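The values are calculated or read from the model by the stated rules, or taken from the named source; none is laboratory data. Note that the coordinates shown come from a computational prediction; the quantities given were computed from them, not determined experimentally. As a convention, Cβ positions derive from the backbone with ideal geometry for all residues, glycine included, and neighbour counts pool all protein chains shown.
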Amino acid sequence: MIKRLISQIRMRYLNLLSEASAENFSDEHRLLMTLEWFKQTLLPNGGSAAKYSMMFNKWLPAYPETTAFWINTLIYLKNNKPELLQEVFHERPVIEELVQWLLFTQRKDGTFPGSYGDFKNQPPRVFNNGQIIMALTDYYQQSQKKEVIQAAIQSADWLLKVQDSDGAWREFTLHQLSSNTRTAWALIKLGQCLNESKYISAGISNINFALKQINAQDYFCDNGFDENEIPTTHSIGYALRGVLGAAIDLEKKEWIETVEHSFQHIITLTKPNGFLAGELDEEWTSDNAFCCLTGNCQLSVIGFVLFEQTGKTQYLDTANSLLEYVKSKQLISHSPMVNGGISGSWPVNGGYAAYDIPNWAAKFFADAILLQMKHKSKKQ
């Protein structure tokens with residue numbers, strides 16, 4: 001209890017610093033801060049630490065799934081903002097290091113671990129394997145390294161084995177059945193890369209399953225971590241992003257329109273300052289007072305992508321608003337373990353990743369701010 005109180009006091013002070021200096025930081029400066037924070041997560045034995053615990057003042061072990069998330073972001077930086085990657089990592093081959101570490105964690109059956117810690121004995125998870133396939137496919141398209149795409153194929157073949165006939169994955173997963181659209185999207189990307197229809201078909205099958213979970217209020221049901229848990233905006237963001245990404249890759253306009261219908265509720269619920277309640281039930285209602293900053297970043301990305309696809313400025317406005325709220329909560333500290341990071345929730349003791357600074361929150365923040373910078377530059 002004393003540790004928790006100390007943490008709350010410390011983070012309140014950090015928040016005052018963040019809000020006081022928010023207007024003085026450029027987008028590029030914020031992005032560089034986040035990249036410098038991410039650099040602190042890189043562990044001597046490989047991979048990126050899952051998160052920094054403010055409660056226990058330590059890094060948690062490396063996390064394969066979210067290490068993979070960062071590979072996609074770093075590849076985007078290498079191709080579009082190489083000077084920022086150079087400024088933070090200099091000549092360090094950080095992308096290659098992370099890819100090689102992921103390959104090290106793969107097991108003989110083709111699966112990757114479902115969480116962090118005991119890689120050999122930990123059961124796999126469908127979602128995690130999907131995100132790693134996404135990263136390996138992205139890297140293969142840059143490098144053409146056969147061992148990388150072979151690892152992705154082995155994982156994908158396992159996903160096909162454990163997929164149900166209706167397209168769902170019910171084994172080796174949490175209750176987030178709709179979030180697995182991000183795994184479906186990864187299979188579609190792999191299938192397109194290899195010109196292999198079985199992966200594309202499996203991905204489409206899962207998207208079709210997820211679309212059947214949408215209720216009359218445009219809400220993707222069966223998407224909480226547990227059966228009786230109200231989904232966070234983090235999980236909602238996963239479901240929407242998977243459908244949207246697959247829709248763009250397969251040129252399915254009707255799927256984009258489905259995401260638009262759901263996102264209209266996000267537009268309505270987002271406060272003028274960008275605050276969005278961190279949990280939303282099947283009626284799009286909430287009685288909590290915390291913001292899932294991770295979810296805000298994910299939904300901001302979706303808003304930017306919807307704007308790119310449709311040209312509708314309401315999506316751009318909401319994307320900017322959601323992101324500006326997170327910018328105002330970016331952590332400012334003399335500690336490199338904190339400075340530039342994004343806490344899972346605000347306040348930090350909120351209902352998602354309480355007292356933690358997850359590496360995936362920073363990843364989605366970086367993705368969102370890169371898209372915002374892209375659209376700002378187009379206006380100039």
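I need the full set of residues from segment 178-225 which are of a type outside the set (S, T, N, Q), farther than 19 Å from Q154 by Cβ and assigned to a loop (DSSP other than H, G, I, E, B), in order please. Of everything in segment 178-225, those that are of a type outside the set (S, T, N, Q), farther than 19 Å from Q154 by Cβ and assigned to a loop (DSSP other than H, G, I, E, B) turn out to be K212, A216, D218, Y219, C221, D222, G224, F225.
Set side by side, the residues E83, E87, E65, E96 differ, and just one is among the acidic types (D, E), modelled with pLDDT of 95 or more and under 17 Å from the mean Cα position of the chain (by Cα), which is E65.
L17 meets the stated requirement of being of a type outside the set (K, R), more than 18 Å from the chain's Cα centre (by Cα), modelled with pLDDT under 95 and not in a loop (DSSP other than H, G, I, E, B).
Quick one: in segment 226-246, which of the residues that are touching an Asp or Glu at 6+ places or on another chain (Cβ under 8 Å) and not in a loop (DSSP other than H, G, I, E, B) is farthest from L276 (Cα to Cα)? Give the steps one after another, and end with the answer.
Filtering segment 226-246 down to residues touching an Asp or Glu at 6+ places or on another chain (Cβ under 8 Å) leaves 230-233.
Still in the running and not in a loop (DSSP other than H, G, I, E, B): 232-233.
Working: T232: 11, T233: 8 Å.
Among those residues, the one meeting the criterion is T232.
Listed by first and then second residue, the pairs linking a residue in segment 187-215 that is within 13 Å of I149 (Cβ to Cβ) and in contact (Cβ under 8 Å) with a residue 60 or more places away in the chain to a residue that is hydroxyl-bearing (S, T, Y) and assigned to a helix (DSSP H, G or I), with Cβ atoms under 8 Å apart and 6 or more places separating them unless they lie on different chains, are K189/T137. One residue stands out among those in segment 284-304 that are touching a strand residue (DSSP E or B) at 6+ places or on another chain (Cβ under 8 Å) and surrounded by fewer than 24 Cβ atoms within 10 Å (Cβ to Cβ): the one that is modelled with the highest pLDDT, which is F290.
Picking from residues in segment 79-107 that are touching a residue at least 40 places away in the same chain (Cβ under 8 Å) and part of a loop (DSSP other than H, G, I, E, B), the one that is surrounded by the most Cβ atoms within 10 Å (Cβ to Cβ) is Q106. When every residue of segment 172-183 is checked against the conditions, at least one turns out to be of a type in the set (F, W, Y), free of Cβ contacts under 8 Å to residues at least 60 places away in the same chain and surrounded by fewer than 18 Cβ atoms within 10 Å (Cβ to Cβ). Of the residues making up segment 322-350, those that are among the aliphatic types (A, V, I, L, M) and either in a loop (DSSP other than H, G, I, E, B) or out of contact with any helix residue (DSSP H, G or I) (no Cβ under 6 Å at 6 or more places or on another chain) (or both) number 6. In the set A319, A353, A368, only one residue is small (G, A, S) and not in a helix (DSSP H, G or I); that residue is A353.
Within segment 193-212, the residues that satisfy the criterion of being within 20 Å of E254 (Cα to Cα) and either of a type in the set (S, T, Y) or surrounded by fewer than 16 Cβ atoms within 10 Å (Cβ to Cβ) (or both) are S201, S205, N208, K212. Considering only segment 233-256, I want to know if a residue exists there that is touching a Pro at 6+ places or on another chain (Cβ under 9 Å) and either exposed (fewer than 15 other Cβ atoms within 10 Å of the Cβ) or in contact (Cβ under 8 Å) with a residue 24 or more places away in the chain (or both). For segment 233-256, residues touching a Pro at 6+ places or on another chain (Cβ under 9 Å) and either exposed (fewer than 15 other Cβ atoms within 10 Å of the Cβ) or in contact (Cβ under 8 Å) with a residue 24 or more places away in the chain (or both): present.
Of all residues in segment 139-151, those satisfying the criterion of being assigned to a helix (DSSP H, G or I) and either within 18 Å of F172 (Cα to Cα) or out of contact with any Cys (no Cβ under 9 Å at 6 or more places or on another chain) (or both) are Y139, Q142, S143, K146, E147, V148, Q150, A151.
For segment 330-348, the criterion of being polar (S, T, N, Q), within 17 Å of I267 (Cα to Cα) and buried (at least 17 other Cβ atoms within 10 Å of the Cβ) is met by no residue. Look at W169 and say whether it is outside any helix (DSSP H, G or I), among the aromatic types (F, W, Y) and buried (at least 18 other Cβ atoms within 10 Å of the Cβ). Yes.
Among G311, G340, which is in contact (Cβ under 8 Å) with a residue 60 or more places away in the chain and at positive phi? Show your work before the answer.
Values: G311 fails: in contact (Cβ under 8 Å) with a residue 60 or more places away in the chain.
Among G311, G340, only G340 is in contact (Cβ under 8 Å) with a residue 60 or more places away in the chain and at positive phi.
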